[in-house]
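Enquirer: The structure is given below, and queries will be raised subsequently.
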Amino acid sequence: MPEHKTYTVYPFHGVERIRFGLSRQACRELIAAPFRTFRRSDFDPAETDAFHALGMQLSFDPGGRLEFIELAPPARVRYLGVELLAGQNLSEVISALLAQGLEGARDEVGIDYPTAGFGLYAPDETLEAVSVYRRGYYDTD
């Protein structure tokens, strides 16, 4: 995949052809770019693949299936035609998504759109990252 690609969010399915449930190896083959594998914390059940040149990190469940995608610059991300990264102001993006009928839940570091399967990380009101997750990712037992 080329650098600076624009990724479209598909709610609860992933971005572009990178879909939740794919194996780690299948994701690596689809992306076909250098990566680094690391563990986010001692408590994470599985390692994350970081494709730094693409601004993408992929997290997997203990069975090695994709369950979470994080995108940051230089990646570009869109949902319903709304640009979600590239230094966008959070308030402007919230307004544009609201105009599309999408409401989110604000917190101290951004906003989550649980009906669309993604969240926006913007601790200083400037978008820094987009998190895309599979259905049930944040459900508690």
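Enquirer: Which residue pairs have Cβ atoms closer than 6 Å, lie 6 or more positions apart in sequence or on different chains, and pair a first residue in the stretch 60-79 that is more than 16 Å from Arg17 (Cβ to Cβ) with a second residue that is aliphatic (A, V, I, L, M) and part of a strand (DSSP E or B)?
Expert: Here the result reads Phe60/Leu66; Glu70/Ala129; Ala72/Ala129; Tyr79/Val9, each pair linking the stretch 60-79 to a residue that is aliphatic (A, V, I, L, M) and part of a strand (DSSP E or B).
Enquirer: On to the next question. Specify which of the listed residues (Ala116, Ala96, Ala53) is of a type outside the set (Phe, Trp, Tyr), at pLDDT 90 or above, assigned to a helix (DSSP H, G or I) and within 17 Å of Tyr7 (Cα to Cα).
Expert: On the way: Ala116 fails: assigned to a helix (DSSP H, G or I); Ala96 fails: within 17 Å of Tyr7 (Cα to Cα).
Exactly one of Ala116, Ala96, Ala53 is of a type outside the set (Phe, Trp, Tyr), at pLDDT 90 or above, assigned to a helix (DSSP H, G or I) and within 17 Å of Tyr7 (Cα to Cα), namely Ala53.
Enquirer: Are there any pairs, at least 6 apart or on different chains, whose C-beta atoms fall under 9 Å, with the first in the stretch 102-116 and at negative phi and hydroxyl-bearing (Ser, Thr, Tyr) and the second surrounded by 14 or more Cβ atoms within 10 Å (Cβ to Cβ) and not in a loop (DSSP other than H, G, I, E, B), and if so, which?
Expert: Within 9 Å, the pairs are Tyr113/Tyr79; Tyr113/Leu97; Tyr113/Gly119; Tyr113/Leu120.
Enquirer: I'm trying to understand the selection: among the residues of the stretch 56-85, which are in a loop (DSSP other than H, G, I, E, B) and surrounded by 19 or more Cβ atoms within 10 Å (Cβ to Cβ)? Let's see the steps before the verdict.
Expert: Quick first cut of the stretch 56-85, residues in a loop (DSSP other than H, G, I, E, B) only: 61-64, 72-75, 80-81, 84-85.
Across the stretch 56-85, the qualifying residues are Ala75, Leu84, Leu85.
Enquirer: Out of the stretch 35-59, which residues are touching a strand residue (DSSP E or B) at 6+ places or on another chain (Cβ under 8 Å) and either closer than 19 Å to Arg135 by Cβ or touching a residue at least 60 places away in the same chain (Cβ under 8 Å) (or both)?
Expert: Residues satisfying the conditions are Ala46, Leu58, Ser59.
Enquirer: Take Leu30 and tell me if it is touching a strand residue (DSSP E or B) at 6+ places or on another chain (Cβ under 7 Å), free of Cβ contacts under 8 Å to residues at least 40 places away in the same chain and either hydrophobic (A, V, I, L, M, F, W, C) or not in a loop (DSSP other than H, G, I, E, B) (or both). Lay out the reasoning, then the answer.
Expert: Numbers: touching a strand residue (DSSP E or B) at 6+ places or on another chain (Cβ under 7 Å): yes; free of Cβ contacts under 8 Å to residues at least 40 places away in the same chain: yes; either hydrophobic (A, V, I, L, M, F, W, C) or not in a loop (DSSP other than H, G, I, E, B) (or both): yes.
So Leu30 fits the description; yes.
The values are calculated or read from the model by the stated rules, or taken from the named source; none is laboratory data. Owing to the predicted nature of the structure, the values given are computational and were not obtained by experimental measurement. Don't worry about glycine lacking a Cβ; one is built from the backbone with ideal geometry, like all the others, and counts go over all protein chains shown.
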